[in-house]
Amino acid sequence: MRNGIPVAAVSELTEELRQDPAQGLLRYGVGIDWQNGTRGQVQTLPLKFGHHQVSRDFSWIIDEPRQIGGGNHGPSPQEFLLAGVAACIMVGFTVGASIMGVQLESLRVELHGELDLAGFLGISDAASVPLKRIEYRIIVSGDGTPEQFETLRREAVAHSPNAMSVAKGVPLTGELRLA
C-alpha cells in the first residue's frame with residue numbers, strides 16, 4: 001500500500017485485463033431529475049464493470065448561481081465537469097506515483113475554464129458555446145524527483161479518460177422520449 005493505493009491489487013487488475021480485455025470495459029451512468037429553476041438532483045446509475053454490475057448509490061444537487069438564473073444550491077454543471085476532469089487527473093497521478101514508488105505528501109489539482117454566456121444564450125453567433133479552454137495546475141510535494149513528477153503529470157493527463165474525452169471531443173449522441 002502506497003499513498004492509500006493497493007499497488008498489488010492494481011498490478012493484479014492490470015494482469016487480468018491483459019488476459020481478458022473485456023473485463024476492463026466500464027459503463028457509467030447518471031440520471032438527473034429537475035427540481036425547480038436550474039436545480040436538479042443527480043443520482044448515479046449502476047456501473048457495468050466487465051461482466052459485473054456494481055451498485056452506485058450517490059446523489060448530489062446541481063444548480064447555477066443566482067446571477068444566471070439559478071438558486072445557488074449547488075455547484076454548476078461546469079464546475080462538476082471541471083471537478084470530474086480534475087479528479088480523474090488526480091487519480092492517475094496518485095496511482096502512477098504509487099506504482100512508481102513515489103510517496104506523496106500533498107497533491108492538489110486545480111482547473112479553470114472560461115465560458116461565454118453569449119454562446120449559451122444564443123445572442124451571438126461569434127460566441128463559443130463550449131468552454132473556451134480548460135487550464136490545469138498540479139501542485140505536489142513528496143519524495144519524487146522533479147523528473148518523476150513531470151513524468152507523472154504527463155502520464156496522468158494522457159491516461160485520464162475525462163481529460164482526454166474533453167481534449168479530443170468525445171461524440172455526444174442522444175434521443176428524446178416523451179413521458
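The values are calculated or read from the model by the stated rules, or taken from the named source; none is laboratory data. Because the structure is predicted, anything quoted here is derived from the model rather than measured. Cβ atoms come from the backbone with ideal geometry, glycine included; neighbour counts cover every protein chain shown. Side chains included, ligands, DNA and RNA excluded: accessible areas come from the protein's heavy atoms. Shrake-Rupley method; radii C 1.70, N 1.55, O 1.52, S 1.80 Å.
For G92, state whether it is in contact (Cβ under 8 Å) with a residue 24 or more places away in the chain and under 22 Å from G144 (Cβ atoms).
Working: in contact (Cβ under 8 Å) with a residue 24 or more places away in the chain: yes; under 22 Å from G144 (Cβ atoms): yes.
When the stated conditions are applied, G92 passes them.
One line per residue, one yes/no per condition, for (1) of a type in the set (S, T, N, Q); (2) farther than 25 Å from H112 by Cβ; (3) assigned to a loop (DSSP other than H, G, I, E, B):
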| residue | (1), (2), (3) |
| --- | --- |
| S11 | yes, yes, no |
| Q23 | yes, yes, no |
| Q43 | yes, yes, no |
| Q53 | yes, yes, no |
| R56 | no, yes, yes |
| Q67 | yes, no, no |
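Of L115, L176, all but one fail to be loosely packed, with under 10 Cβ neighbours inside 10 Å, more than 16 Å from the chain's Cα centre (by Cα) and in a loop (DSSP other than H, G, I, E, B); the exception is L176. Remark: pairs (first residue in the range 97-126, on the phi < 0 side of the Ramachandran plot; second residue in a helix (DSSP H, G or I) and open to solvent by 70 Å² or more (accessible area, probe 1.4 Å); Cβ separation under 6 Å; 6+ apart in sequence or on different chains) = V109/M90.
Considered as a group, the residues in the range 122-173 that are polar (S, T, N, Q) and in a loop (DSSP other than H, G, I, E, B) include one that is least open to solvent (accessible area, probe 1.4 Å), and that residue is S160.
Being outside any strand (DSSP E or B), open to solvent by less than 70 Å² (accessible area, probe 1.4 Å) and more than 21 Å from S160 (Cα to Cα) is true for just one of G84, G71, G92. Which residue is that? Write out each step before concluding.
Working: G84 fails: more than 21 Å from S160 (Cα to Cα); G92 fails: more than 21 Å from S160 (Cα to Cα).
Sole residue among the options that is outside any strand (DSSP E or B), open to solvent by less than 70 Å² (accessible area, probe 1.4 Å) and more than 21 Å from S160 (Cα to Cα): G71.
The set of residues in the range 11-41 being over 30 Å from S98 (Cβ atoms) and surrounded by 13 or more Cβ atoms within 10 Å (Cβ to Cβ) consists of I32, Q35, G37, T38, R39, G40, Q41.
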